[in-house]
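Only one structure is covered here, and it is reproduced in the block below.
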Amino acid sequence: MSNQPSILIVEDEAGPREALRTVLSPYYNLFTVDRAEVALQILDQQPIDLVTLDLKLPDQQGLDLLSELRRKGIEVEVIIITGYGTLQSAIDAIRHGISAYILKPFNIAELLEVINRTLERRRQLRSLQEALQAFGKLWMDHSDTKATIQHIETILGAKNPELIQHAGRVSFYASLLTEHLGLSSAECEAIQLGAYLHDIGQIGIQERLMLNASRSQQEQELKKCHPVIGERMLSGLSFPTPVYRILRHHHERFDGTGFPDGLSGDRIPLAARIVTLADVFDNLVTGRTGLGPIPIPEAREYLRREAGTSLDPELADFFAKVVW
Ligand SMILES: [Fe+2]
């Protein structure tokens, strides 16, 4: 019994609550409650692996309960099960770090599959988290960018080789810029490291699900979450500040229409503006845009065209001169 993962069902309607209990109790250590307040008590007292959460509870909104969990630092997977879902609420929930979003009435087989996949992802993310902690420690002990990057490459390259190759190239292009901009060597190294880690939030994100929303919509919205998720994954690991700025802001646009914060111009940290440029350039020349690779001269033209809209004009101009 104690080896089974623990699941807490937070559901005020007796029908679905009992249905979930019947289906899940053979496989999991199960707790069921009908109110947010009791849910919090249980989560404070018991190690729980996964919560299924109804968005509408008698004493509190499900999303408020979710915020409270995060505020308290309770690390638990959350699957939203609701009759009142909208794409917007699904997106909000994903920003809160939920694992999946299921609309009532749900299909039992589908739900079981989602739960199993979520628990598997939890195991994988834990091992990723341990690896990230090791990178953080390596950095703290030696402040050695090269060794840290090598370590990241070995561990994460096995999980997602394409992403890590992209990371390596973006880091290289970013270093071309920082060297020419006359930044201090500490700043250059921090930017190189941040560039290397910029898309870390994408690892694991593929497993986050919003059932019943269209695939392309899901992918688009999930893509928008990876900067914040990446920043959260590395929080508390004592990397230099620019690393966190890069993770969060590398999809901002110079004209303020980017995400997640819609920052514009100089309000976007310089480190992030540099990595955005390197990222866009790599996407163009390697065909990661989905449009096929384009030759470097055309990519430079693109950067010049985007100067002032998506890209920092001075940096874009500078970069276009540096790469050839
Ligand atoms: Fe990204």
Excluding same-chain residues fewer than 8 positions from residue 104, which lysines have a Cα within less than 20 Å of its Cα? 56
Do you know the relative contact order of the chain, to the nearest whole percent, from alpha carbon pairs under 8 angstrom that are 6+ apart? 12 percent
Restricting to Cα pairs below 8 Å that are 6+ residues apart, what does the relative contact order work out to for the stretch 129-322? Please round to a whole percent. 18 percent
How fast does the stretch 6-106 diffuse by Stokes-Einstein, in µm²/s, taking the Kirkwood radius from C-alpha pairs at 37 °C and 0.692 mPa s? 246 µm²/s
Please list, in order along the stretch 237-244, the HN-Hα scalar couplings obtained from phi with the Karplus expression 6.51 cos²θ - 1.76 cosθ + 1.60 (θ = phi - 60°), rounded to whole Hz, x for Gly and Pro. 9, 6, 6, x, 3, x, 4, 5
How large a share of the accessible area of the stretch 6-106, in percent, is made up of carbon and sulfur atoms when the probe is 1.4 Å and the other protein chains stay in place? 48 percent
Hey, in the GNM for the chain with a 10 angstrom Cα cutoff, which one of 246, 296, 102 fluctuates hardest? 296
Using the Kirkwood formula on alpha carbons, the hydrodynamic radius of the chain in angstrom works out to 21.2 Å
Sorted by chain and number, the residues with a modelled amide H under 5 Å from that of residue 102, at a separation of 5 or more or across chains, are 80, 81, 82
Kirkwood Rh over alpha-carbon pairs of the stretch 129-322 plugged into Stokes-Einstein at 20 °C, 1.002 mPa s gives a D in µm²/s of 127 µm²/s
Quote the relative contact order of the stretch 20-162 in percent (integer), defining contacts as alpha-carbon pairs under 8 Å separated by 6+ residues. 16 percent
Long pairs among 159/223; 72/146; 137/159, criterion Cα-Cα beyond 30 Å: 72/146
Placing one identical point scatterer on every Cα of the stretch 237-324 and ignoring solvent, what is log10 I(q)/I(0) from the Debye formula at q = 0.10, 0.16, 0.17, 0.18 Å⁻¹? -0.24, -0.60, -0.68, -0.75
Keeping every protein chain present and rolling a 1.4 Å probe, give me the accessible area per residue for the chain in Å². 47 Å²
Just 244, 302, 173 to compare: in a GNM of the chain, with alpha carbon springs under 10 Å, which one fluctuates most? 302
Per residue convex hull volume, Cα atoms of the stretch 50-153, in Å³: 124 Å³
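The values are calculated or read from the model by the stated rules, or taken from the named source; none is laboratory data. No experiment lies behind these values; they were computed from the predicted model shown. Heads up: the accessible areas ignore ligands, DNA and RNA and are worked out on the full protein's heavy atoms, side chains in. Shrake-Rupley method; radii C 1.70, N 1.55, O 1.52, S 1.80 Å.
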